[in-house]
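Notes follow once the structure below has been shown.
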Amino acid sequence: MKGILDLFKKSGLILGGYRLFFRSFRHLLNYFTTLIWKINGVKVGKNSIIQFGVHIEYPKLLKIGSNCLLCKGTRITSENGEYSIILEDNVQVNSNVLLDHTGKLYIKSGTLISESAMIYTHSHGYDPRSKPNVSHLNIGKQVWIGVNSIVMPKIEIINDCSIIGAGAIVTKSVLKGEIVIGNSAKSLKVNPLLEVEKNYEK
């Protein structure tokens with residue numbers, strides 16, 4: 001109720017009503033989109049949403065945990081349809097992200113992938129028409145992959161609590177709590193939230 005009142009306060013009566021109508025319509029559309037993907041084989045956990053406009057190849061290879069969000073424009077693709085893609089609980093994939101699971105892709109809980117990031121698990125060497133060379137990638141817990149960043153193939157792991165800076169091109173595995181930036185990505189410092197996690201574990 002508070003959210004509705006805030007909407008009218010910010011937008012006024014007429015525009016607020018207009019925005020409320022379309023917001024409700026989008027929620028309903030996203031609910032039915034999620035249902036359709038479930039029927040087509042995607043395993044979807046409780047309270048997870050696949051928004052209208054998400055593109056999924058090989059839906060039976062996708063497993064989504066609880067409280068996840070896949071935003072419109074997300075593309076989940078594979079060149080061979082052999083390996084799965086798994087998202088644990090509380091994973092958020094923002095708009096226009098590319099997730100390639102030509103090799104196996106595993107994303108652990110709490111990870112957030114920002115707009116237009118691209119994650120690859122295959123390459124073609126020097127011949128773009130050759131059979132894909134696959135690699136398997138594990139992305140740890142509470143990872144933040146920044147906007148427009150690219151995770152290249154042949155990387156085995158992006159460890160827990162690490163941060164990939166906006167526009168970074170990642171060409172090697174990332175350590176736990178590491179912040180990487182640039183092209184190619186370079187180590188900057190340790191994520192300060194890692195210390196919070198250590199205290200929490202105690």
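The values are calculated or read from the model by the stated rules, or taken from the named source; none is laboratory data. Values in this document were obtained by computation on a predicted structure and should not be read as measured data. Cβ atoms come from the backbone with ideal geometry, glycine included; neighbour counts cover every protein chain shown. When the accessible area is computed, the model is the full protein with side chains, heavy atoms only, and any ligands, DNA or RNA have been set aside. Shrake-Rupley method; radii C 1.70, N 1.55, O 1.52, S 1.80 Å.
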message: Please go through (1) crowded, with 16+ Cβ neighbours inside 10 Å; (2) out of contact with any helix residue (DSSP H, G or I) (no Cβ under 8 Å at 6 or more places or on another chain); (3) hydrophobic (A, V, I, L, M, F, W, C) for L188 and return the number of the only condition it doesn't satisfy.
response: (1)
- line: The residue that is farthest from L87 (Cα to Cα), considering only those in region 25-69 that are among the basic types (K, R) and part of a helix (DSSP H, G or I), is R26
statement: In the set I119, I85, I113, I76, the lone residue that is open to solvent by less than 10 Å² (accessible area, probe 1.4 Å), under 24 Å from A168 (Cα atoms), touching a helix residue (DSSP H, G or I) at 6+ places or on another chain (Cβ under 7 Å) and at pLDDT 95 or above is I85
- line: Here the residues within region 93-121 that are in a strand (DSSP E or B) and under 13 Å from G146 (Cβ atoms) are L112, I113, M118, I119
query: Somewhere in region 137-146, is a residue assigned to a strand (DSSP E or B), open to solvent by 90 Å² or more (accessible area, probe 1.4 Å), under 14 Å from I107 (Cα atoms) and at pLDDT 95 or above?
result: yes
query: Does Y126 meet the test of being outside any strand (DSSP E or B), open to solvent by 40 Å² or more (accessible area, probe 1.4 Å), of a type in the set (S, T, Y) and out of contact with any helix residue (DSSP H, G or I) (no Cβ under 6 Å at 6 or more places or on another chain)?
result: yes
